[in-house]
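Structure, as structure tokens:
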Amino acid sequence: MSGPWNDFNSAQSNANVIPKGTLAKVRLTLRPGGYDDASQGWTGGWARRAATGAVYLDAEYTVLEGPYARRKIWSLIGLYSPKGPDWANMGRGLIRGILNSARGVSDKDNSPEAQARRRINGFGDLDGIDFIARIDIGQDTNGEDKNEIRAAVTPDHRDYAALMGAVAPQFSAAPAQGSAPQVAATSQPSQIEPVQGAAGRPSWAQ
């Protein structure tokens with residue numbers, strides 16, 4: 001006897017990867033790493049330091065709407081790499097894009113108000129923020145495809161308004177209350193790096 005539940009040679013592999021270039025409204029959740037460096041402005045225990053010396057934010061993105069709603073994507077936001085400034089520059093660029101997207105600021109707007117909207121009191125201001133992401137594809141440690149988020153979509157994009165919703169993003173410059181996670185900060189590096197999101201980093205980011 002041969003049938004679809006006896007012979008699985010014709011079954012399709014389930015890659016479970018959101019297509020590259022998909023735009024989606026997501027919510028960013030930071031997973032606290034317990035590492036602080038006040039001289040860099042890294043306070044509140046949000047950053048994580050790897051045994052290699054690299055420092056990053058451990059980010060989890062949840063798709064809020066559309067065909068991929070409730071799907072989660074894990075990625076890192078680089079803060080420092082001992083191999084050079086590239087990873088940190090990419091991280092700062094991503095955070096700028098996230099703030100532009102979440103707070104409704106054109107990337108071309110350099111007015112005092114726009115500049116104020118691109119400032120944060122600390123990384124806790126990013127925890128729970130909603131924005132429009134452009135979903136990308138990288139590879140995990142086994143060489144398998146995995147989703148990543150490397151860019152945010154700003155109001156300059158024609159699809160921004162429809163994706164973000166009719167209500168314009170609201171922004172207050174007041175310090176966020178309770179923005180620091182309840183974790184013990186430490187200056188010691190983590191003994192191991194997280195599996196989720198750690199894959200696919202350039203060698204200079206490790």
Checklist entry - Among the residues of the stretch 80-93, how many are open to solvent by less than 10 Å² (accessible area, probe 1.4 Å) and free of Cβ contacts under 8 Å to residues at least 60 places away in the same chain? => result 1
Item to check | Exclusive hit being aliphatic (A, V, I, L, M) and closer than 28 Å to A162 by Cα, set A51, A59 | outcome: A59
Next on the checklist: If the requirement is being surrounded by 14 or more Cβ atoms within 10 Å (Cβ to Cβ), over 14 Å from the mean Cα position of the chain (by Cα) and either at pLDDT 95 or above or closer than 30 Å to N16 by Cβ (or both), which of these qualifies: G104, G97?
Outcome noted: G104
Checklist outcome for this item: Only one of (1) open to solvent by less than 40 Å² (accessible area, probe 1.4 Å); (2) more than 18 Å from A151 (Cβ to Cβ); (3) among the acidic types (D, E) does not apply to E65, and that is (1)
Checklist entry - Any residue at all in the stretch 32-50 that is under 19 Å from A133 (Cβ atoms) and out of contact with any Pro (no Cβ under 9 Å at 6 or more places or on another chain)? => result no
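Conditions tested, residue by residue: (1) within 20 Å of R119 (Cα to Cα); (2) of a type in the set (G, A, S); (3) in contact with a Lys or Arg (Cβ under 8 Å, 6 or more places away or on another chain).
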site: T29; (1), (2), (3): yes, no, no
site: W42; (1), (2), (3): yes, no, no
site: G45; (1), (2), (3): yes, yes, no
site: G66; (1), (2), (3): no, yes, yes
site: R70; (1), (2), (3): no, no, no
site: I77; (1), (2), (3): yes, no, no
Next on the checklist: Criterion first (in a strand (DSSP E or B), farther than 26 Å from S39 by Cα and either open to solvent by 30 Å² or more (accessible area, probe 1.4 Å) or in contact with a helix residue (DSSP H, G or I) (Cβ under 6 Å, 6 or more places away or on another chain) (or both)) does I77 satisfy it?
Outcome noted: no
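The values are calculated or read from the model by the stated rules, or taken from the named source; none is laboratory data. Since the structure is predicted, the reported quantities are computational estimates derived from the model, not experimental observations. Neighbour counts are summed over all protein chains in view; Cβ atoms, including those assigned to glycine, are modelled from backbone coordinates with ideal geometry. All accessible areas refer to the heavy atoms of the entire protein, side chains included, with ligands and DNA or RNA removed. Shrake-Rupley method; radii C 1.70, N 1.55, O 1.52, S 1.80 Å.
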